Amino acid sequence: MTIAALSDLLTDAREHRYAVGYFEAWDVYSLEAVVAAAEAEQSPVIIGIGGLTANHAWLREQGIAVYGAVAAMLAERAKTPTAVMYNEADSLDEARSALGCGFNTVMMVGQGMTMERLIETTAALVAEAHAARVAVEGEFDELGEMRDGVLHDEEARLTDVDAAVEFVRRTNVDCLAVSVGSVHFVTGGYTPTLHTSRIRELADALTVPLVLHGGSGVPPEQLQAAVQAGISKVNVGTRLKQVFGEGLALGLQRASADPNLTYGSRLPGDAMTAAALALTQEIRRYMQTLGSSGKAANK
Ligand SMILES: [Zn+2]
């Protein structure tokens, strides 16, 4: 199957009130696990890697190029509609470097930029990306984040409806990540409260689909309420690494003494394979929650 355009995925999701998941991967195992989940659920999906927690020197030297190529190949081979995203570039230059590397969607975070500078920079990225047939996700509000079990939300504020309309009009982004109460890096012990009424106001006022980051810490019923209110794409990252880590620990306990059967054999009993299977199961649950299961045929 050819790589799916982000707009095709999100337009259908918006129309039929479900959300497409962006499940952030970090290696070949996790990328494959996302595709396996999508095929098992007959779900559209967005695969890819991101820059929020990774080493930017490595990303720029080779990470973006290598994993862009791998992700694009997996998306082409996938039996369900799959888009390929480079998430949360830390600069215009890093987002640019993802163009031509296999990604058909990019996003840049504008930490520390003034609103005016962020609008100019995002508009420049959109012009370049669209010329390369790559979609752009925009964002102008920061989310709160958990660090060592402590919530830091000093910079976080609810996305203002008028500011969102202005941002989209001036940048021409294809979708907008909004700050509506979710938090990055939640691993348990904290439950955010999503502002569904603000989601509804934003969805009514904007012509582009809305994106929710920080999906890891949001309970299923709140995710579903957010989707019903107008969220069309949900990002999940932290929870996936947690599940993979737990699966790997369990797999290592049960592993054979032969390292060839423990790492990379893809045989039953391999610890990496066991972790990837656990990851696939978790992603399938998210797809069911978001309502994207069974929607592959819609494209
Ligand atoms: Zn995020």
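Approximating the spin labels as points 7 Å out from Cα along Cα→Cβ, the Arg200-to-Ala257 distance works out to 6.4 nm. Rounded to the nearest 10 degrees, the inclination of helix 220-229 to the longest alpha-carbon principal axis of the chain is 30 degrees.
What the pair-distance distribution of the chain shows, using all Cα-Cα distances binned every 10 Å from zero, is 7, 29, 38, 21, 5, 1, 0 percent. Helix 28-41 axis versus longest C-alpha principal axis of the chain: approximately 80°, rounded to the nearest ten.
Computed over segment 180-229, the alpha-carbon pair-distance distribution with 5 angstrom bins reads 4, 22, 32, 22, 12, 5, 1, 0, each value a whole percent. Using a probe of 1.4 angstrom and keeping all protein chains present, the accessible surface of the chain works out to 43 square angstrom per residue.
Ligands, DNA and RNA left out, the accessible area of segment 85-225 computed with a 1.4 Å probe is 46% carbon and sulfur. Distance from a point 7 Å along Cα→Cβ of Met73 to each backbone N in segment 93-110: keep the residues under 16 Å and list them by number. Within reach of a label on Met73: 101-103. For segment 103-150 and segment 186-245, compute the distance between their C-alpha centroids and round to whole Å. Here the two parts' Cα centres lie 18 Å apart.
Phi angles across segment 200-211 convert, under the Karplus curve 6.51 cos²θ - 1.76 cosθ + 1.60 with θ = phi - 60°, into 3J(HN,Hα) values of 4, 4, 5, 5, 5, 8, 9, 8, 9, x, 9, 10 Hz, Gly and Pro given as x. Between Gln228 and Ala297, the distance separating the two model label sites (each 7 Å from Cα on the Cα→Cβ line) works out to 2.6 nm. Structure remark: mean-square fluctuation, Gaussian network model of the chain, C-alpha springs under 10 Å; the largest value among Thr191, Thr114, Thr289 belongs to Thr114. Considering the zone a paramagnetic label at Ala57 would reach in this model (a point 7 Å from Cα along the Cα-to-Cβ line), which residues of segment 90-114 have amide N under 14 Å from it? Output list for this probe position: empty.
Under 5 Å between amide hydrogens, built in the peptide plane, is the criterion, and for Gly214 it picks out Asn235 among residues at least 5 positions away or on other chains. Under a 5 Å amide H cut-off, with hydrogens placed 1.01 Å from N, Val106 pairs with Tyr86, Ala135, Val136, Glu137 among residues at least 5 apart or on other chains. Can you give me the pair-distance distribution of segment 42-154, C-alpha pairs, 5 Å bins, whole percents? Per 5 Å bin, starting at 0, the Cα pair percentages come out as 2, 12, 21, 20, 19, 14, 8, 4, 1.
When the Gaussian network model of the chain links Cα atoms closer than 10 Å, the mean-square fluctuations of Ala33, Ala249, Ala69 top out at Ala249. What the phi angles of segment 236-245 give under the Karplus curve with 6.51, -1.76 and 1.60, with θ = phi - 60°, is a coupling list of 10, x, 3, 4, 5, 5, 4, 5, 4, x Hz, glycine and proline written as x.
The values are calculated or read from the model by the stated rules, or taken from the named source; none is laboratory data. Predicted model only: the values in this text are computed from it and were never measured. Cβ sites come from the backbone with ideal geometry, for glycine too, and all protein chains shown count toward neighbours. Accessible surface is based on the protein model in full, side chains and every heavy atom, while ligands, DNA and RNA are left aside. Shrake-Rupley method; radii C 1.70, N 1.55, O 1.52, S 1.80 Å.
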